[in-house]
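For reference, the structure discussed in these notes is given below.
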Amino acid sequence: MQFGMPSLIENKTLEDNAALCHSLGLKFIELNMNFPEYQIECLEDTDTLIAVADRKSIYYTVHLDENLNIADFNRLVTDAYLETIHRSIEAARKLICLRDRYGDRSQPLTLNMHMNHGIYITLPERKVQMYERDFDTYMKSFAAFRSLCEEWIGDSDIKIVIENTDGFWTYEKQAIEYLLESPMFGLTWDIGHSKAIQERDVPFIREHQDRLIHFHIHDGSEKPPRNHLALGDGEIDLADRLSLAESRNARCVLETKTIEALKQSVQWLQVNHVTGRENCEWNRGKDKRTQSGHVGPL
């Protein structure tokens, strides 16, 4: 199993994130392009990214901007997002060497993306999603998007993985199924997001679980709806989710939002995670630490 961490807001620099990642025995950082320090110009500074990663023996995955909207009706907006994706793929191509050195070559390097719901119009009795209303236009954008990504990725070991958030709309499921017809795309299961919306996306995810490549692992609850909790602080059947991730040879981000919750999650895994533990970096010397009464970050 390959476990990593998200970009954390408490860490002001890449070096801070890399030091924490290494100290916890994690293998990679998911660089979040919503942060100013991981905008495309920074992602393209691959010499710096590689130098920092080499010092800590880690690698990177990428989380694309959550506002990404490749189906916006304004072509200027769409073109800007498409250019961002193109340039992100080019940067990722130069970062694969880190995956090869410190990760698992059987796992493609991933660019994680959200589906943008688009806007809705509120009528007296209902709300109308504009992408549902203009579904043909919406799907034409996804046809162009899929074709461009196939061209840009080519034979590189890179995949774009689509993450569930607050519930897929019907038109989004159709677009996702269209994307999944291409080998360049896969799925991310964010297990906390699905828990917080009472697992509404789980049937769709399970139906397509053969395309699961990436997981965001954090705990959550349904009532009240909460996610991004430290492992063990919620209601999710974590053993089941981790077992599926292992069976899919999927990479797992421990997607908490604070350093303390991340540390707690690593500790939970040290004690509770059985499947694949021989592949976990932190389990090297774990028996000695347990015998001495120490279970926690390295």
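Computed from phi, the 3J(HN,Hα) profile of segment 21-27 under the Karplus parametrisation 6.51, -1.76, 1.60 (θ = phi - 60°) reads 4, 5, 5, 8, x, 7, 9 Hz, with x in place of Gly and Pro.
Listed here are the pairs 27/223; 12/56; 12/223; which of them are more than 28 Å apart at the Cα? Please report the intermediate quantities before stating the final value.
Numbers: 27/223 33 Å; 12/56 17 Å; 12/223 33 Å.
Table pairs above 28 Å Cα-Cα are 27/223; 12/223.
Based on every Cα atom in the chain, Rg and the maximum pairwise Cα distance Dmax equal 19.2, 66 Å.
Compared with the dominant Cα axis of the chain, that is its longest principal axis, helix 75-102 is turned about 20°.
Extension gain for residue 39-residue 54 works out to 3.3 nm (0.36 nm per residue, less the C-alpha to C-alpha distance). Computed with a 1.4 Å probe over protein heavy atoms only, the accessible surface of the chain comes to 44 Å² per residue. For segment 132-175, the residues whose backbone nitrogen is under 19 Å from a point 7 Å from the Cα of residue 202, taken along Cα to Cβ, are 163-169.
Using only alpha carbon pairs under 8 Å that are at least six residues apart, calculate the relative contact order of the chain and give it in whole percent. Present the calculation step by step, with values, prior to reporting the outcome.
On the way: 511 pairs, mean separation 56.6, N = 298.
Relative contact order comes out at 19 percent.
So between residue 90 and residue 178, what do we pick up on full extension, going 0.36 nm a residue minus the alpha carbon distance?
Details: separation 88, 0.36 × 88 = 31.68 nm, distance 2.37 nm.
So the extension gain works out to 29.3 nm.
Per atom type, the chain shows carbon and sulfur on 49% of its accessible surface, probed at 1.4 Å.
State whether segment 10-79 is rounded, prolate or oblate according to the following rule on the C-alpha gyration tensor (a ≥ b ≥ c being the square roots of its eigenvalues): a/c under 1.5 gives rounded; otherwise a/b larger than b/c gives prolate, and the remaining case gives oblate. Prolate.
Less than 12 Å Cβ to Cβ from residue 234, Lys/Arg counted +1 and Asp/Glu -1: what total charge do the surrounding residues give?
Values: positive: 195, 223, 226, 241; negative: 219, 222, 233, 235, 237.
Residues near residue 234 contribute -1 overall.
When only C-alpha pairs under 8 Å and at least 6 residues apart count, what is the relative contact order of segment 67-128, in percent?
Numbers: 31 pairs, mean separation 21.7, N = 62.
Worked out over segment 67-128, it gives 35 percent.
The values are calculated or read from the model by the stated rules, or taken from the named source; none is laboratory data. All of these numbers come straight from a predicted model, not from anything done at the bench. All Cβ positions, glycine included, derive from the backbone under ideal geometry; neighbour counts span all protein chains shown. Protein only, heavy atoms only, side chains kept; ligands, DNA and RNA dropped before computing areas. Shrake-Rupley method; radii C 1.70, N 1.55, O 1.52, S 1.80 Å.
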